[in-house]
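Only one structure is covered here, and it is reproduced in the block below.
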Amino acid sequence: MAPPTPAPPTNPPHTAVVATVPVDTRHWIGGRRVASVATFTDRSPLDGAPLAEIARGGAEEARTAVAAARDAFPGWAATPPAERARLLHAVADGVEARVEDLAIVETMDNGALLRSHRRGVMPRVAHNLRYFADRLLALSHDDFDTRGHRNHVSWDPAGPAVLITPWNAPLMLASWKIGPALAAGSTVVLKPAEWTPLTASLFADIAHEAGLPGGVFNVVQGYGAEAGTPLAADPDVRRISFTGSVPTARRIATAAAGNLVPCSFELGGKSPLLVFADADLELAADLAVEQYDNAGQVCLAATRILVEESAREIFLGHFLDRVTKLTQGDPRDEATDIGPNIHPRHIERVDGFVRRALDAGAKAVVGGGRNTELAELAELTELGGNYYLPTLLTDVQQDSEIVQEEVFGPVLTLQTFPEGDEDEAVRLANGTRFGLAATLATGDRERARRIGARLVAGTVWVNCFFVRDLSAPFGGSRASGIGREGGDWSFDFYCDLKNTVTAPKGWARHG
Ligand code: NAD
C-alpha cells in the first residue's frame, strides 16, 4: 500500500507568506499580537492577487492601542535619552538585517521598484531612526539670563502619538515619524494605509526583537474611517502626525479638534518645474523625467512643467528622448523604470483626470492611457491591469482640473511662459491651492535667488530634485500641509517645550 500523501504544509494561523517572507497579519498592541474578528484582503498591485487577510481594526482596537501607549508612556518618557537612542539604533540594526525581506514585501504590497527598496528606501528607514536617535542627544538650547534669573529650555515628551500614513512609500514615510516620536520619548500608535499594511507588521517584530518595551510602539491595521478616526479622536492622544490627502486631513483635524490635539499634516501637492531658457536643458529634461518615479505617486512630484517659450522645443526633444527609453513592467525586474500604480480604483481615478483633460482640448504628447501592451500580456503574465503609461499633456489651461488637482500618477502637464517674463512664471508656479515644493532649472544664480524667494513652497530645489537632508525643515504651505518635520522641528512637535526660570536667591542653606 502506498504511504499516505503528506498533508501540504500550512502556514501558522495569522501568518501570510509574501514572496517567502512570513508576515503576521494581526495588530501589534501592548507588546503582543491581537486579532480582530473581521479581516480585509490585501492585494498586490502587480497582478491583483491576494497577499494576506489582514486584521480589520475598529474603535475597540484603537482604544486598546491608545491605552497601551498611554500606559507605556511614563516609563518610556523616563527612560534616559541615551538608552532611548541605543534602542533606536538597535531597531535600525534590525531593519538593516532584514532589508531584503522588507524590500520584497514592500514591492509586492505597493508596487514600487524592488531595486530602489533594496538600495535606497529600506537602508534609509534605518538611517532615519539613527538620525533622530543621534539628534536627540544633541538637542540643546543655550541657557540665558533675565535680570539675573536663569532660563533653561527643555523638551518634555508630550505623550502618545498617533501616526497615520499613506501607501505610496509606506515604511519610509512611517519611519520619518516613528524615529522622532520615539526618540522624543513619546509612545506611538501607527495606522498604516489599508492598501499597504505589511511592512508595518514586520517593523513591529523588528522593534520587539530589538528590545523596545511593550506598548511603546503599536500598530493598528484597518480602514481609515473605521480605525483611523477613533485613533484621531481618542482623548489620551497628545499628538497626531498624518501624511496623506487633503480631504482625510480635514476629517482628522475635525476628530482631533474635540481634544485640541496638535496635528502635523504632510499633504498633497501640484508642484511646478520651472525651466528657463538659460538652463542646462538636458539637465532640465532629466529632472522632468524623474517625476515619473514610483509611477508618479510621489507627493513632491513636480507635475507641472513650466517652460520659457524659446526653450520649449529643445526641452521637449530632450524630454521625449528620455521618456521613450523608460521601461515599464514588473517592479521586481532590475531593468524596470516604472512599475504599476497602486490599485485598480486609483488607476480609474488617474485615467479619469486624463480623459477629462483630453476632452477639454489637451494633447497627449506621450502616453495618455493605460499600457495596453502590458494589459494584453496580462492573461499570460498576470501583469497589466494597473500599469499607466508615462504621460505628458500639452495645451492645458491654468484654471483647468488637470493643472489644479493632484493626479498622483505618471501624468505631467506642460505650459509655457513668455520670454523673460518672470512675473508670469511665478504667477503660474504659485497658481494652485498647494505649496509643497518647487523645482527651478536655470543657469543664472541671481534669477534662482529672485524666483526662489517668490515661490510658495516648503522646499525649493534649484537644478536638482529630491535631495532631502533630515536636518532640513520639511512640509508644505497652503493646502499642502500644516507644520514642518525634520531636524529639531520634529522634536518641537513631539515634545512639550518647557522653560524653567530659576531665581538667583531663595536657596535653603544646608550647612
Ligand atoms: P489618504 O488620505 O486616502 O490615506 C492616508 C491614510 O489616512 C491611510 O492610512 C488611511 O487609512 C487613513 N485615513 C483615511 N481616512 C481616514 C479618516 N477618516 N480618519 C483617519 N484616517 C484616515 O491618502 P493616500 O491615498 O493613502 O495617499 C495619497 C496622498 O498622500 C496624496 O495626496 C499624497 O500627495 C499624499 N502624500 C503626502 C506626502 C507629504 O509628505 N506631503 C507624502 C506622501 C503622500
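The values are calculated or read from the model by the stated rules, or taken from the named source; none is laboratory data. For clarity, every value in this text was computed on a predicted model and none was experimentally measured. No Cβ is skipped: glycine too gets one built from the backbone with ideal geometry, and neighbour counts run over all protein chains shown. Each accessible area value is taken on the protein alone, full model and side chains, heavy atoms only, with ligands, DNA and RNA left out. Shrake-Rupley method; radii C 1.70, N 1.55, O 1.52, S 1.80 Å.
Scanning region 154-175 for residues that are open to solvent by 30 Å² or more (accessible area, probe 1.4 Å) and within 21 Å of residue 79 (Cα to Cα) turns up 155, 156, 157. Among the residues making up region 339-364, those that are open to solvent by less than 60 Å² (accessible area, probe 1.4 Å) and aliphatic (A, V, I, L, M) are 342, 347, 350, 354, 357, 358, 362, 364. Only one residue in 71, 47, 93 is of a type outside the set (S, T, N, Q), assigned to a loop (DSSP other than H, G, I, E, B), assigned by TED's automatic domain parsing to the domain that holds residue 197 and surrounded by fewer than 18 Cβ atoms within 10 Å (Cβ to Cβ), so which one is that? The unique qualifying residue is 47. Cβ-Cβ contacts under 7 Å between residues 6 or more apart (or on different chains), taken from a first residue in region 250-269 that is more than 27 Å from residue 457 (Cβ to Cβ) to a second residue that is within 8 Å of the ligand (Cβ to nearest atom), are listed as 255/229; 255/232. Every condition in (1) open to solvent by less than 60 Å² (accessible area, probe 1.4 Å); (2) modelled with pLDDT under 95; (3) among the aliphatic types (A, V, I, L, M) holds for residue 396 except the one numbered (2).
Results for (1) within 16 Å of residue 409 (Cβ to Cβ); (2) in contact with a His (Cβ under 8 Å, 6 or more places away or on another chain); (3) within 13 Å of the ligand (Cβ to nearest atom); (4) outside the structural domain of residue 434 (by TED's automatic domain parsing), shown as yes or no for each residue.
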residue	(1), (2), (3), (4)
276	no, no, no, no
279	no, no, no, no
283	no, no, no, no
289	yes, no, no, no
292	yes, no, no, no
295	yes, no, yes, no
299	yes, no, yes, no
309	no, no, no, no
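Matching residues to (1) touching a Phe, Trp or Tyr at 6+ places or on another chain (Cβ under 8 Å); (2) among the aromatic types (Phe, Trp, Tyr); (3) part of a strand (DSSP E or B):
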{"position": "126", "(1), (2), (3)": "no, no, no"}
{"position": "129", "(1), (2), (3)": "no, no, no"}
{"position": "151", "(1), (2), (3)": "yes, no, yes"}
{"position": "166", "(1), (2), (3)": "no, no, no"}
{"position": "181", "(1), (2), (3)": "yes, no, no"}
{"position": "186", "(1), (2), (3)": "yes, no, no"}
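If you go through region 115-134 and keep only what is of a type in the set (D, E, K, R) and closer than 9 Å to residue 175 by Cβ, you end up with just 124.
If only one of 173, 182 is closer than 25 Å to residue 93 by Cβ and either free of Cβ contacts under 8 Å to residues at least 60 places away in the same chain or more than 9 Å from the ligand (Cβ to nearest atom) (or both), which one is it? Outline the logic, then answer.
Details: 173 fails: either free of Cβ contacts under 8 Å to residues at least 60 places away in the same chain or more than 9 Å from the ligand (Cβ to nearest atom) (or both).
It is 182.
What tally of residues in region 31-44 results from selecting those that are over 18 Å from residue 224 (Cβ atoms) and either in a strand (DSSP E or B) or open to solvent by less than 40 Å² (accessible area, probe 1.4 Å) (or both)?
Initially, region 31-44 is screened for residues over 18 Å from residue 224 (Cβ atoms), giving 31-35, 37, 44.
Applying the additional criterion that residues be either in a strand (DSSP E or B) or open to solvent by less than 40 Å² (accessible area, probe 1.4 Å) (or both) yields 31-34, 44.
Looking only at that region, the number is 5.
From 372, 336, which residue is in contact with a Gly (Cβ under 9 Å, 6 or more places away or on another chain), in contact (Cβ under 8 Å) with a residue 12 or more places away in the chain and surrounded by fewer than 19 Cβ atoms within 10 Å (Cβ to Cβ)? Please lay out each step first, then the result.
Working: 372 fails: in contact (Cβ under 8 Å) with a residue 12 or more places away in the chain.
Being in contact with a Gly (Cβ under 9 Å, 6 or more places away or on another chain), in contact (Cβ under 8 Å) with a residue 12 or more places away in the chain and surrounded by fewer than 19 Cβ atoms within 10 Å (Cβ to Cβ) holds for just one of 372, 336, which is 336.
I'd like to check something: does region 472-486 contain any residue that is part of a helix (DSSP H, G or I), touching a strand residue (DSSP E or B) at 6+ places or on another chain (Cβ under 7 Å) and at pLDDT 95 or above? Show your work before the answer.
Start the filter on region 472-486 by keeping residues that are part of a helix (DSSP H, G or I), which leaves 478-480.
Checking which are touching a strand residue (DSSP E or B) at 6+ places or on another chain (Cβ under 7 Å) leaves us with none.
Within region 472-486 (the criterion being part of a helix (DSSP H, G or I), touching a strand residue (DSSP E or B) at 6+ places or on another chain (Cβ under 7 Å) and at pLDDT 95 or above), the answer is no, since none of the residues qualifies.
Within region 457-511, restricting attention to residues that are open to solvent by 50 Å² or more (accessible area, probe 1.4 Å), within 30 Å of residue 289 (Cα to Cα) and hydrophobic (A, V, I, L, M, F, W, C), the residue that is farthest from the ligand (Cβ to nearest atom) is 462. Taking the criterion of being of a type outside the set (Ser, Thr, Tyr) and within 10 Å of the ligand (Cβ to nearest atom), the residues of region 185-199 that qualify are 190, 191, 192, 193, 194, 195, 197.
Checked against (1) within 16 Å of the ligand (Cβ to nearest atom); (2) in a helix (DSSP H, G or I), residue 375 passes all but a single condition, namely (1).
Against the conditions (1) open to solvent by 10 Å² or more (accessible area, probe 1.4 Å); (2) not in a strand (DSSP E or B), residue 145 satisfies every one except (2).
Quick check on this structure: which one of 413, 391, 381 is at pLDDT below 95 and of a type in the set (Val, Ile, Thr)? Explain how you work it out, then say what you get.
On the way: 413 fails: at pLDDT below 95; 391 fails: at pLDDT below 95.
Sole residue among the options that is at pLDDT below 95 and of a type in the set (Val, Ile, Thr): 381.
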